[in-house]
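So the structure is just underneath, and the comments pick up after that.
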C-alpha cells in the first residue's frame, strides 16, 4: 500500500506519455485485422504500462515503495525488445520471419529476466544496492548484478538486429516505405539511446526521462500513421508474395534446370524431398518433359494434365526474362484449371444430350403431327358419327402424347443447367413422399446425415421412383430407403413390396419411351444422376429394388 504519495509537477511527463499511448491504441483499432498491428500494439501497451508506473514512481518518497515499482516495471521492460523487433521486421516487409516458434525463442530470456526481477530481494543476481537519490522528486539508483548484463546485451542485440533488417530493406522498396522506415527509427531511437546511456551511468540525472522519450516517440509514430500510412501500406517481401500466390511457379535456366520455385510447386516435385534446385526440369516434375517440349516449340501457353485417380489439369504459361536483350531465365506459371475443365466437360455433355433430345423430340413430334393430320382427314371424310367420334378420340390421345413430349423436353432442358450442389438424401425422400398421395403405405428410411453431390434436378429422381411404385406396384404397402457402403462407393437402396420388374425389363425400363405410361420418368432419372457420375439400376428379386451407386467424392456421411 502506497503511504507516501507526494505530488510533483514532474508527474505530467509520464501522464502525457500515457495519453499519447492511449491515443495510439485507439487509432490502431481501425487496423486490427493487419498482422503488423499486433507488434505495434504490443509496443504501445508496454509504453503505456511503463508510463503509468512512472507517474506513480515520481511521486513516491520511500525506498521500499520505489523498489516495488521497479520490480513492476521489469515485468514490461524486457519485452520492449521483442515488440520493437516485431515492429521493425514487419516494417521491413519480413513479417514471415516472425513464426510462433521464433517469437517464443526470442522471448525466453525476457521471461527469465521477469523472474529474476520479481524474486529480487531474495538474491543479488539482477539488482544490487538500491538507494534513493535527490531531494524531490526522489530517484532510485541501483547497481547491476551478474545476470543483468546478459539481459542488457541481449536486449540491445535484438533491437539492433531489427534496425539492421529495416535499414537494409530500404534499398528494395520505394520512397514511401523509406519514409516509413525513417519514422519508425526516429520514434524508437530516443528511448533506446537514453536507456543505453543510463545503463552505463553516463547521464546522472535526478529524474527518469524515459517517459518523455516515450511521449516523443509516440508523437512521431502518430504523425507517421497519418502522414505515411504506417500501418495501412506495408512493404511485403517478394519471397513472401511468390510463396503465397495461388499459382505454382518455377524459375528455370536457359538449359531447363531449376533455379527456384514456390511452395505450391514444391508439392509437385518427384522424389526430391523438397530440394530440386539444379535438377533438370524433365526429371523434377511429372510434366517436366511436356514443359520442355512446350518451350522448345516457343509456345507461351498450353494445357497440361496429370493422370491417376484424381486427374489434375493445369494451364502453363512461360514468361522469358531478358536482360539487355539476352534471355536470362524463364518463369513458368501453372494455374490449376481442373474445376474449369470439369465444368467444360459437363457443359459439352449437357449440350450433346440436349442436341440428341432436340433431334429425337422433333422426330417424335413430326410423327404425332402426321397422326393428327391423318385422324383429322379421316374424321372429316367419314359420314359415320360413331367412326368420326372414334377418330376424334384417337386424335385427342395423340395430342395428349404430344403435350407430354413437350413437357418432357422442358424438364430435360433443365438437366445440367443448374450448378451441381449438395442435397440431403433424407430431405429429398421426404419431399418425394409428400408430393405423392401414398395413403396407408408405410414409409421407412435410415439415410439421415447422407448428402449427395448431384444435379439440381435430383429432386425428380426420388419423386419418379415413388411415383413408379404407386403406379405400377399393384398394391404396394411399404416403401423404404436405406444405404450401405460397397468399398469407396455408397449405395442408396430404394425398395417397395410390389410386383417388381420382370428380369428381361430391368434395363429396358430406363429407355426413353418404354413402359405403360409416358416412358420418360426413369429415363430422366438416369440422365439426372449421370450428370454427376451416379449410376442407377434395378436389382429387385421380390418387389422393386433400385440401387443408386454414388462414387467417392459425390457423397458425404455426417455422423
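Below are the figures for this structure:
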{"read-out": "Matching option when the condition is under 30 Å from residue 96 (Cα atoms), assigned by TED's automatic domain parsing to the domain that holds residue 221, at pLDDT below 80 and buried (at least 16 other Cβ atoms within 10 Å of the Cβ), among 49, 36", "value": "36"}
{"read-out": "Residue match in the stretch 463-482 (condition: under 21 Å from residue 531 (Cβ atoms), part of a loop (DSSP other than H, G, I, E, B) and modelled with pLDDT under 90)", "value": "no"}
{"read-out": "Residue under evaluation residue 115, criteria (1) surrounded by fewer than 16 Cβ atoms within 10 Å (Cβ to Cβ); (2) touching a residue at least 12 places away in the same chain (Cβ under 8 Å); (3) part of a helix (DSSP H, G or I), criterion not met", "value": "(2)"}
{"read-out": "Subset of the stretch 480-513 [out of contact with any strand residue (DSSP E or B) (no Cβ under 7 Å at 6 or more places or on another chain) and surrounded by 16 or more Cβ atoms within 10 Å (Cβ to Cβ)]", "value": "498, 500, 510, 512"}
{"read-out": "Lone unmet requirement of (1) within 30 Å of the chain's Cα centre (by Cα); (2) farther than 26 Å from residue 127 by Cα; (3) buried (at least 17 other Cβ atoms within 10 Å of the Cβ) for residue 83", "value": "(2)"}
{"read-out": "Single match in 93, 54 (criterion: in contact with a helix residue (DSSP H, G or I) (Cβ under 7 Å, 6 or more places away or on another chain), surrounded by 21 or more Cβ atoms within 10 Å (Cβ to Cβ) and part of a loop (DSSP other than H, G, I, E, B))", "value": "93"}
{"read-out": "Complete set of residues in the stretch 499-510 that are touching a residue at least 12 places away in the same chain (Cβ under 8 Å) and under 22 Å from residue 529 (Cβ atoms)", "value": "500, 501, 506, 507, 509, 510"}
{"read-out": "Residue among 276, 201 that is modelled with pLDDT under 85 and assigned by TED's automatic domain parsing to the domain that holds residue 15", "value": "201"}
{"read-out": "Which numbered condition residue 242 fails, given (1) modelled with pLDDT under 80; (2) in contact with a strand residue (DSSP E or B) (Cβ under 8 Å, 6 or more places away or on another chain); (3) crowded, with 21+ Cβ neighbours inside 10 Å", "value": "(3)"}
{"read-out": "Candidates 88, 24, filtered to the one that is buried (at least 17 other Cβ atoms within 10 Å of the Cβ), over 30 Å from residue 143 (Cβ atoms), at pLDDT below 90 and more than 29 Å from the chain's Cα centre (by Cα)", "value": "24"}
{"read-out": "First in the stretch 377-399 and part of a helix (DSSP H, G or I), second anywhere and exposed (fewer than 12 other Cβ atoms within 10 Å of the Cβ), Cβ under 7 Å, 6 or more apart", "value": "none"}
{"read-out": "Count of the stretch 291-333 residues which are surrounded by 11 or more Cβ atoms within 10 Å (Cβ to Cβ) and not in a strand (DSSP E or B)", "value": "8"}
{"read-out": "Unique match (being crowded, with 20+ Cβ neighbours inside 10 Å, over 35 Å from the mean Cα position of the chain (by Cα) and assigned to a helix (DSSP H, G or I)) among 182, 196, 188, 221", "value": "188"}
{"read-out": "Sole residue being surrounded by fewer than 17 Cβ atoms within 10 Å (Cβ to Cβ), touching a helix residue (DSSP H, G or I) at 6+ places or on another chain (Cβ under 8 Å), assigned by TED's automatic domain parsing to the domain that holds residue 40 and part of a helix (DSSP H, G or I), chosen from 103, 166, 157", "value": "103"}
{"read-out": "Selected residue (only one of 121, 137, 130, 78 is surrounded by 18 or more Cβ atoms within 10 Å (Cβ to Cβ), in contact (Cβ under 8 Å) with a residue 40 or more places away in the chain, over 27 Å from residue 186 (Cα atoms) and in the same structural domain as residue 164 (by TED's automatic domain parsing))", "value": "137"}
{"read-out": "Search result, residues across the stretch 257-277 that are in contact with a strand residue (DSSP E or B) (Cβ under 6 Å, 6 or more places away or on another chain) and in a loop (DSSP other than H, G, I, E, B)", "value": "262, 276, 277"}
{"read-out": "Odd one out for residue 440, checked against (1) closer than 30 Å to residue 469 by Cβ; (2) within 42 Å of the chain's Cα centre (by Cα); (3) at pLDDT 80 or above", "value": "(2)"}
{"read-out": "Verdict on residue 409 being assigned by TED's automatic domain parsing to the domain that holds residue 530, at pLDDT below 75 and farther than 15 Å from residue 526 by Cβ", "value": "no"}
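The values are calculated or read from the model by the stated rules, or taken from the named source; none is laboratory data. On a predicted model such as this, the values are computed, not experimentally measured, just so you know. Neighbour counts run over all protein chains shown; Cβ positions are idealised from the backbone, glycine included.
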